[in-house]
1. Take the residues in segment 129-144 that are exposed (fewer than 15 other Cβ atoms within 10 Å of the Cβ) and touching a residue at least 12 places away in the same chain (Cβ under 8 Å), then tell me which one is farthest from the chain's Cα centre (by Cα).
2. Can you find even one residue in segment 37-53 that is more than 18 Å from the chain's Cα centre (by Cα) and over 30 Å from Lys153 (Cβ atoms)?
3. Checking the condition in contact with a helix residue (DSSP H, G or I) (Cβ under 7 Å, 6 or more places away or on another chain) and not polar (S, T, N, Q), which residue from Pro187, Pro204 passes?
4. Would you mind stating whether Asp38 is assigned to a loop (DSSP other than H, G, I, E, B) and surrounded by fewer than 20 Cβ atoms within 10 Å (Cβ to Cβ)?
5. Which one is surrounded by the fewest Cβ atoms within 10 Å (Cβ to Cβ) among residues in segment 24-35 that are outside any strand (DSSP E or B) and of a type in the set (Gly, Ala, Ser)?
6. Checking the conditions here, which among Ile16, Ile3, Ile71 is assigned to a helix (DSSP H, G or I) and under 21 Å from the mean Cα position of the chain (by Cα)?
7. Can you tell me which residue among Glu43, Glu65, Glu7, Glu89 is of a type in the set (Asp, Glu) and within 18 Å of Ala176 (Cα to Cα)?
Amino acid sequence: MRILVVEDEHRIANSIKKGLEQERYAVDVVYSGPDGYDLASTEGYDLIILDLLLPGMDGVTICRELRKNKIHIPILMLTAKAQLQDKVEGLDSGADDYLTKPFSFEELLARIRALVRRPKNVIDEILTVAELQLNSKLKEVRRSGKVIQLSAKEFSLLEYLMRNANKILSKEQIIAHVWNYDADILPNTVEVYIRNLRNKIDAPFKNKKPLIQTVRGFGYKISNN
């Protein structure tokens, strides 16, 4: 899952980024309102963590503009302000939830999980393709009951494939969703990670049908068909 953090306090922003990356999220960070709006309105994020007070363009304005332009990415508003009116203004602008600083990282994770579980943005915690199962909460992958050990990036790639099961995904789509915006990734990097996944997901299960498929000229998909 790909998250955008828009927070002008560098220490807080970088701490959130580090923590979320340890939880195997792909995270982009920007420190100003205009930069946040530009990325939020052009990139395919699954969630935005948005500070209320930002230089150049405040969080309420960003939120209103995104909603006005039919961009319905879940938004968690983040601020040092705790007054009721500030919370009301943030939620009325289109934010989905509100978290007041200081906060615990465990609470932030819980809010993120709650937001992506909402019906209009259903994101299942347990994904299944044939006998392959991925638990996004426990960060665990099993095939035919056997636990498969994956690196953080392999897990993120597999999760993206499984959330889009039976759909062909180009290398560009995979890079955009699995790696950070500023990551220096070449298309053949995707090939390397796909090969690693095949060696762990398909190769050890000789009596099972391979799930990760190459669609030549287009990209990759995971499918039991």
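The values are calculated or read from the model by the stated rules, or taken from the named source; none is laboratory data. Just so you know, these numbers come straight off a predicted model, no measurement behind them. So basically every Cβ, Gly included, is an ideal-geometry build from the backbone, and we count neighbours across all protein chains shown.
1. Going through the qualifying residues, I end up with Ser144.
2. Yes, segment 37-53 contains a residue that is more than 18 Å from the chain's Cα centre (by Cα) and over 30 Å from Lys153 (Cβ atoms).
3. Numbers: Pro204 fails: in contact with a helix residue (DSSP H, G or I) (Cβ under 7 Å, 6 or more places away or on another chain).
Only one candidate qualifies: Pro187.
4. Numbers: assigned to a loop (DSSP other than H, G, I, E, B): no; surrounded by fewer than 20 Cβ atoms within 10 Å (Cβ to Cβ): yes.
Answer is no for this residue.
5. Narrowing segment 24-35 to residues outside any strand (DSSP E or B): 24-25, 31-35.
Now restrict to residues that are of a type in the set (Gly, Ala, Ser): 32-33.
Numbers: Ser32: 15, Gly33: 21.
For segment 24-35, the residue satisfying everything is Ser32.
6. When all the criteria are applied, what remains is Ile16.
7. Answer to the check: Glu43.
Residue-by-condition table, conditions (1) assigned by TED's automatic domain parsing to the domain that holds Leu158; (2) on the phi > 0 side of the Ramachandran plot; (3) touching a residue at least 24 places away in the same chain (Cβ under 8 Å); (4) in contact with a strand residue (DSSP E or B) (Cβ under 7 Å, 6 or more places away or on another chain):
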residue	(1), (2), (3), (4)
Glu9	no, no, yes, no
Ile12	no, no, yes, no
Gly19	no, no, yes, no
Tyr31	no, no, yes, no
Pro34	no, no, no, no
Leu39	no, no, yes, yes
Thr42	no, no, no, no
